[in-house]
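Structure first, commentary second.
The values are calculated or read from the model by the stated rules, or taken from the named source; none is laboratory data. The structure displayed is predicted, hence computed values, not measured ones. Cβ atoms come from the backbone with ideal geometry, glycine included; neighbour counts cover every protein chain shown.
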Amino acid sequence: MPGIAQFEELKASVVRSILVRRITLGVFSAIALAGVFIVRLSYRSPLVYAPVAWFLLTFPFKVLIERQRTERAFHWIHFGFFAAEVFLITVMVHWMGGSEWVGSVFYLFSVIYANFFLPRLHGGLLTGLVVALYAGLVLLEYAGVIPHRSLFVLSGPPYRNLFYNAVTILAGVAGVYAVVAFTVRMFTAVYLRSNRLLAQRERQLARMSRRLLIAHDDERRRVARELHDGLIQSLAAVKLHLASTSHNAEFGDRDARTTEIIDRAIAETRTLAYSLRPPLLDDLGLVASLHRLGENLQEDADLDIEVRSELSDRLEVSIESLLYHVAHQTLENVVRHARARRADVELVRSPHGITLSVVDDGIGFRPDDPQGLGLRGIRERVEVCGGRMTIDSAPGHGARVTVEVPFDGASNLDR
């Protein structure tokens, strides 16, 4: 069941379709009046009063549509209108010659509208009802159960009768195709409006997601700085205090063990703070942080890492955070899964923004295989920020992960 906003938009679309239908029926009425003056069509002809009756049917239906509060009731009311409409059309078709003329065409708009606005079940039922009503009318006239009503009194072949040809051209060709064109335009407008609303909601969601990413980065920065400036400094102070009392032989061995534990805690805390957000990223920027990242991983993972960059100036904070996160996560994947001996990190300017690529000589993989949380997380984060990510890899041939972020990917963020 759609949400309230979607349901109200559906109701608004149907109300707009009622207005369009009134216009189309007005077109038929105008053509019928033209037939009265041009070919002396009788005012009592169904071609004259049928559009009026059809037009009047839209008024109570509009009131009922606007009063509905549930989707189920809404669709059944809408179906009920279409059913009443096709019954009315069947009566009109009977008075306009049945199978003899173009009466079957007048069901066309009811079928189009029903299958556009109604669920598949309701649209199918309405289409079947139309087929049953028209076929029943034709068969009943054929069997003589009901009398045949002819719209025209012809003394010769229809194609030699001016009245027949004029009415067929006005109502059966000009009127039908004019209304078809108008209906197509109306449906196109509905689709365009829906697409605009969808695009607007997607932009709103993207802005919210970017704000969440910024808040996430800010929180990581805050926690990392508190670990570095708070906990690490406190542990260092404890270590200095112990060092000042180390001359006491009674406590010397115990203090040495305690100092060792503190050193390990400082190292682990520093690693944790650096993994959250390296202070170097705020102080010296992305390029220096990537070089430090490569040096640290080389020491820990026996992996030869080369970082190349043609950037000489700082980027927006959120762009630097994003690209550092991408490089860090990608290199972590290389260390854990690729069995690589070498990885190259390259940061360049591209025609559309900043491009970061990470290439390794590992075992590779199939890009269309299910991806782990790391690559999926990178892709989602990059796309939220307006960028794109591509993967070029094959088993036994290493992998290349490329991320391109637009220049204005950060400047458009609402902080």
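Is there a residue in the range 27-36 that is over 23 Å from V184 (Cα atoms) and touching a residue at least 24 places away in the same chain (Cβ under 8 Å)? I'd like the intermediate steps shown before the answer.
First, the residues of the range 27-36 that are over 23 Å from V184 (Cα atoms): 33-36.
Those left that are additionally touching a residue at least 24 places away in the same chain (Cβ under 8 Å): 34-35.
Scanning the range 27-36, I find at least one residue that is over 23 Å from V184 (Cα atoms) and touching a residue at least 24 places away in the same chain (Cβ under 8 Å), so the answer is yes.
Within the bounds of the range 235-251, is there any residue that is of a type outside the set (A, V, I, L, M), out of contact with any helix residue (DSSP H, G or I) (no Cβ under 6 Å at 6 or more places or on another chain), modelled with pLDDT of 75 or more and part of a helix (DSSP H, G or I)?
Taking the range 235-251 as the starting set, the residues that turn out to be of a type outside the set (A, V, I, L, M) are 239, 241, 244-248, 250-251.
From what's left, out of contact with any helix residue (DSSP H, G or I) (no Cβ under 6 Å at 6 or more places or on another chain): 241, 244-245, 247-248, 250-251.
Now narrow it down to the ones that are modelled with pLDDT of 75 or more: none.
No, that holds for no residue.
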Answer with yes or no whether D313 is at pLDDT below 85, in the same structural domain as R388 (by TED's automatic domain parsing) and either in a loop (DSSP other than H, G, I, E, B) or of a type outside the set (V, I, T) (or both).
yes
Does G172 meet the test of being of a type outside the set (D, E) and under 30 Å from A34 (Cβ atoms)?
yes
Could you give me the residue pairs with C-beta distances under 7 Å whose first residue belongs to the range 148-170 and is at positive phi, whose second residue is assigned to a loop (DSSP other than H, G, I, E, B) wherever it lies, and which are 6+ apart or on separate chains?
none
Here is a list of conditions, (1) in contact with a Gly (Cβ under 8 Å, 6 or more places away or on another chain); (2) under 21 Å from R220 (Cα atoms); (3) among the charged types (D, E, K, R), and D283 meets all of them except one; can you say which number that is?
(1)
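Enumerate the strands (runs of 3 or more DSSP E) found wholly within the range 340-409, keeping only those where 3 or more residues are surrounded by fewer than 17 Cβ atoms within 10 Å (Cβ to Cβ) and modelled with pLDDT of 85 or more. Give the derivation first.
Details: elements: 342-350, 353-360, 388-393, 399-406.
Because the criterion is at least 3 residues that are surrounded by fewer than 17 Cβ atoms within 10 Å (Cβ to Cβ) and modelled with pLDDT of 85 or more, the strands (runs of 3 or more DSSP E) in the range 340-409 that meet it are 342-350, 388-393.
Tell me the residue from D344, D300 that is touching a strand residue (DSSP E or B) at 6+ places or on another chain (Cβ under 7 Å) and of a type in the set (D, E), please. Please lay out each step first, then the result.
Values: D300 fails: touching a strand residue (DSSP E or B) at 6+ places or on another chain (Cβ under 7 Å).
Just a single option satisfies the conditions, and that option is D344.
Tell me, yes or no, whether the range 43-65 has at least one residue that is under 30 Å from the mean Cα position of the chain (by Cα) and of a type in the set (A, V, I, L, M, F, W, C). Please lay out each step first, then the result.
Just the residues of the range 43-65 that are under 30 Å from the mean Cα position of the chain (by Cα), to begin with: 65.
Applying the additional criterion that residues be of a type in the set (A, V, I, L, M, F, W, C) yields 65.
Checking the range 43-65: at least one residue is under 30 Å from the mean Cα position of the chain (by Cα) and of a type in the set (A, V, I, L, M, F, W, C).
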Residue that is farthest from L47 (Cα to Cα), among those in the range 96-147 that are buried (at least 17 other Cβ atoms within 10 Å of the Cβ) and among the aromatic types (F, W, Y)
F117
In this structure, is P51 closer than 19 Å to H94 by Cα, part of a helix (DSSP H, G or I), free of Cβ contacts under 8 Å to residues at least 60 places away in the same chain and not basic (K, R)?
yes
Could you tell me whether any residue of the range 72-89 is surrounded by 17 or more Cβ atoms within 10 Å (Cβ to Cβ), closer than 14 Å to L25 by Cβ and of a type in the set (D, E, K, R)?
yes
Got at least one residue in the range 299-308 being surrounded by 12 or more Cβ atoms within 10 Å (Cβ to Cβ), modelled with pLDDT of 75 or more and part of a helix (DSSP H, G or I)?
yes
Out of I214, I169, which single residue is outside the structural domain of C385 (by TED's automatic domain parsing), under 22 Å from E100 (Cβ atoms) and β-branched (V, I, T)?
I169
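Would you mind stating whether R257 is under 30 Å from E383 (Cα atoms), in a helix (DSSP H, G or I) and at pLDDT 70 or above? So that I can check it myself, show each step before the final result.
Numbers: under 30 Å from E383 (Cα atoms): no; in a helix (DSSP H, G or I): yes; at pLDDT 70 or above: yes.
Taking the combined requirement at face value, the residue does not satisfy it.
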